[in-house]
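Here the structure comes first, spelled out in C-alpha cells, and everything after it is commentary.
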Amino acid sequence: GAYLLWAGNGPMNNGRYYAQTVRVEYDGEYENPTIAESIYHYQQLTGQQPPYAVSDMNSFFIGLAVKEIAEDTGAWTNLMLRKLYSLIHNYEQYDNKTYSLQKSISPFLSKNPIGWGLIITLATMGGIMLSFVRKTSFFGILTLLVLYGVMVLSTFTANRYRIPMIPLMAVLAGGVPKLYFRKDQFARSDVIILSFSGVLMGIITFVPFFGIAAKDTYLADYALMANAAHRQGHDEDAIHWAQLALRIDSSRDDLREVAGLSRFNQWFGRPGAAPVVEEARKQLKALNVLNRNSPALAFARGVYLWKLGDHANACALWKYAVETYHHKTSAAAIVWNCDQDFEFLQTLPESLWRKTLAIKNRETGYSGDAGEEPLTEEVIQSATDAYEVAFEPFLKE
C-alpha cells in the first residue's frame, strides 16, 4: 500500500495505470512483481540490505511520497487532473490485461455496448434527477462516490479500483427511465438540464482526449497470451501472439524465445513432423542469436545440433542445462545419446536420469519414485520408439 502511494503520486505514474519499472521473469515459482519492485526501489534508495522490515518500508515510502508532492505541487496537481480524467473516462485502463483488446477479440464482448462510459453518463443524469426531489439522498451518495474516488486517485485508476463504484452508479442510472415514463413530473428546464448534463458527460467519457485511450499496453497483453499459450502447449497460438508482440517491439528476445521454442515443440517427438535440414538450420539460427539462457532453450538447441550431426556440441549444451538448472529432459537426452558424459550424471540426483537409463537398458520391473508403476516391456518399447523419433537425423529434403 505505501509503495503504491509513492508510485502513484510521483514521476513514475503516467496518470493512467501502474507501469512496472523493474523486469521480473519467472524461471521457478511465481513472485509478485509489485513486491519485487518495491524491494528493489527500497534497496536502491536506502542502501539497506535484506531482510527488510515491512513497517520500515511503509514508513519510508509514505515519507518519500509526502516529500515529493511537497517539492513539486504543480506537477502533482497536473498528475491528479490526468488521473481524474482517467477515472471518469470510458476507456478501461490496463489491469493485468487491456480490456479494449480483449473485447475486440472476444465474440461475446465485441458487440456489448455496456461499459463504464454508459453507466457514468446515465448515473450523472440519474443523480441530477435525484437532486431535484431528494437532496439529502443525492448528497449522501455523492459523498460516498467522492470519498472513494479520492482514495482511487491516491494510487492508480486501473479498472479494478473503479468497480466498487458501479453499484451506486447503477442505482442512480436506474432512475433515468423515469424521464420518459413520468415526463409530466419534469419541467422543460429540468429536461434541458438533464439533456445537457448527459451530452456533456458523454463527450467527456467517450471522446479520447490527451491520449487517454492509448494502446501502448497491447504489447503486455500479447506477451502475456504468448507465454500462457506456450506453457499450456498451444504452440500455434503462442507463435501468433508472440509475432504480434514483436511487431510492436522487435527487441524482445524473450518473445523470440517463446516463438522459437513453440515452433520447436510443434515437431519435436512427433513422427514425420520434423523440418528438413535447411529449415532446421534456420530455426536453430533463430535460437542461437537470442541473448537468453534457459534450460528449455539449451535443450532445444542441443536437439537441433544432434539431429544435424553435431553430437559433441549437442551433448555440451545438454550438460550445461543439467549442471546449471538440473534440467531433467536434458539429463534424459544425455543418458540416451552421450555415453561419454554418463559419469558426470552419476554425480547428480538419480531422479534426473535413472529412469531413462532403466528404459535404455530395458530393465523391466524398475520402479523409481514411490507409487510409480514398474516398467513393463510395453512401456519400455513405447519410450524407446519415442526417443528414436526424437533424436533421429533431420531429412535432407
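The values are calculated or read from the model by the stated rules, or taken from the named source; none is laboratory data. If you're wondering where the values come from, they're calculated on a predicted model, not measured in any experiment. Cβ sites come from the backbone with ideal geometry, for glycine too, and all protein chains shown count toward neighbours.
Tabulated results
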| item | result |
| --- | --- |
| Entirely in the range 314-384, the helices (runs of 4 or more DSSP H) that have 1 or more residues that are closer than 17 Å to P295 by Cβ and in contact with a Leu (Cβ under 8 Å, 6 or more places away or on another chain) | 328-337, 342-345 |
| Every pair of residues 6+ apart whose Cβ atoms lie under 6 Å, when the first sits in the range 32-52 and is within 18 Å of L5 (Cα to Cα) while the second is surrounded by 14 or more Cβ atoms within 10 Å (Cβ to Cβ) and at pLDDT below 85 | P33/V24; A36/V24 |
| Odd one out for V66 among (1) in contact (Cβ under 8 Å) with a residue 60 or more places away in the chain; (2) not in a loop (DSSP other than H, G, I, E, B) | (1) |
| Filter result for V303 (surrounded by 12 or more Cβ atoms within 10 Å (Cβ to Cβ), more than 29 Å from D254 (Cβ to Cβ), touching a residue at least 12 places away in the same chain (Cβ under 8 Å) and of a type outside the set (D, E, K, R)) | no |
| Residues being surrounded by fewer than 12 Cβ atoms within 10 Å (Cβ to Cβ) and either outside the structural domain of S330 (by TED's automatic domain parsing) or touching a Lys or Arg at 6+ places or on another chain (Cβ under 8 Å) (or both) - total across the range 369-396 | 1 |
| Members of the range 334-356 that are modelled with pLDDT of 85 or more, in contact with an Asp or Glu (Cβ under 9 Å, 6 or more places away or on another chain) and surrounded by fewer than 18 Cβ atoms within 10 Å (Cβ to Cβ) | L348, S351 |
| Residues of the range 87-120 that turn out to be assigned to a loop (DSSP other than H, G, I, E, B), free of Cβ contacts under 8 Å to residues at least 12 places away in the same chain and among the basic types (K, R), as a count | 1 |
| Residue in the range 132-149 that is touching a helix residue (DSSP H, G or I) at 6+ places or on another chain (Cβ under 7 Å), crowded, with 18+ Cβ neighbours inside 10 Å and of a type in the set (S, T, N, Q) present | no |
| Which numbered condition Y94 misses (of (1) within 29 Å of Q185 (Cβ to Cβ); (2) surrounded by 15 or more Cβ atoms within 10 Å (Cβ to Cβ)) | (1) |
| Those helices (runs of 4 or more DSSP H) lying entirely in the range 186-262 with at least 2 residues buried (at least 20 other Cβ atoms within 10 Å of the Cβ) | 218-231, 235-248 |
| Any hit, the range 264-277, residues being modelled with pLDDT of 95 or more and surrounded by 20 or more Cβ atoms within 10 Å (Cβ to Cβ) | yes |
| Conditions (1) exposed (fewer than 15 other Cβ atoms within 10 Å of the Cβ); (2) at pLDDT below 90; (3) of a type in the set (S, T, Y): number failed by T73 | (2) |
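Matching residues to (1) surrounded by 13 or more Cβ atoms within 10 Å (Cβ to Cβ); (2) outside the structural domain of Y17 (by TED's automatic domain parsing); (3) of a type in the set (D, E, K, R):
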{"position": "P50", "(1), (2), (3)": "no, no, no"}
{"position": "L84", "(1), (2), (3)": "yes, yes, no"}
{"position": "K103", "(1), (2), (3)": "yes, yes, yes"}
{"position": "K111", "(1), (2), (3)": "no, yes, yes"}
